Amino acid sequence: MEQKKKTLTESDGKYTWDRFEKLVLARGRSDEAAGMYCIDPMGVQVSRRYVKGQKPEHIPISSYPDFFGSFDDGRGFVFDAKTCSGASWPLNEDKLKKRQYDFMIKRAMFGEVCGILLHFNPRILKTKITDPSTWWIPVFYSHPIWKDYDSGLKRNITLGDCQMYGISVEWNLRSKGARVPTPDIGAVFSVLRRSSSKRVRNHLLSPTAR
């Protein structure tokens, strides 16, 4: 009898992109209520497509990163929340819009904390199931990943890249009454806020700083 193939679910750490965004925002709202920082989703631009004899069709445009906010000292942050179900996350226009990237690069040059919150979903391989993991990848112009991306040498972000350049993000319950674990982005922000303004723009966080 053929063995039924396992289907991965949220209990295994597998999330769709929209579900991941909702969990990120839910964690952010809880942290905001605790006075850690404020956070909001970015607005979505919409274009109209006209077809003769029909009502105009409204088409959403992915124009800005997913979230923005500020800390209690007034310093801002911007980041995109992404999921990856493969061995690496492609750096193409479908996954990372150039306008979104340029938006973060410009603000990082003026001291804002910018990054990509990247979640690797578990994958079923021949001999094992990979573990899910979530990472904060800093975005600023002199970062090795983005220098190679700008020069056309970097076409994807691997788990190895995350382990070398990123900050691991833990999932946990925000409070005793919480039922669903969410990514602890507040802990990441705590690390980044301990860094100087110059270092946040140009740092490569050492393992001891994580």
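Just so it is clear, none of the values below were taken in a lab; they were calculated from the coordinates. This is a predicted model, so every value here is computed, not measured. Cβ: placed from backbone, ideal geometry, glycine included. Neighbour counts: every protein chain shown.
Residue separation of residue 141 and residue 93 scaled by 0.36 nm, minus their Cα-Cα distance, works out to 15.5 nm of gained length. All other residues whose Cβ lies under 10 angstrom from that of residue 157 are scored, Lys and Arg at +1 and Asp and Glu at -1, for a net of +3.
Extension gain, residue 73-residue 171: 0.36 nm per intervening residue step, less the Cα-Cα distance, totals 32.7 nm. Taking the number of Cβ atoms within 10 Å of each Cβ as an exposure proxy, the fewest-first ranking of 180, 188 is 180, 188. Each residue of region 101-109 was assigned a 3J(HN,Hα) from its phi angle through the Karplus curve 6.51 cos²θ - 1.76 cosθ + 1.60 (θ = phi - 60°); the sequence is 5, 4, 4, 6, 4, 4, 6, 5, 5 Hz, with glycine and proline shown as x.
Near the amide H of residue 114, within less than 5 Å, lie the amide hydrogens of 78, 139, all on another chain or at least 5 residues away, with H placed in the peptide plane.
Residues in region 130-145 carry Karplus couplings, in order, of 5, 7, x, 7, 10, 9, 9, 9, x, 10, 7, 4, 9, 5, x, 4 Hz; the curve used is 6.51 cos²θ - 1.76 cosθ + 1.60 with θ = phi - 60°, and Gly or Pro positions show x.
Couplings 3J(HN,Hα) of region 166-182, computed from phi: x, 10, 5, 10, 7, 9, 7, 8, 5, 8, 5, x, 6, 10, 10, x, 9 Hz, in residue order, whole Hz [Karplus 6.51 cos²θ - 1.76 cosθ + 1.60, θ = phi - 60°; x for Gly and Pro].
Go ahead and collect, in residue order, the members of region 107-139 whose backbone nitrogen is under 18 Å from a label point 7 Å along the Cα-Cβ direction of residue 12. Inside the label zone: 119-134.
Both radii were evaluated on the Cα set of region 128-170; the Rg over Rh quotient, with Rh as the Kirkwood radius, amounts to 1.03. One chain, two ends: residue 126 and residue 163. Fully extended at 0.36 nm per residue, the span grows by 10.9 nm beyond their Cα-Cα distance.
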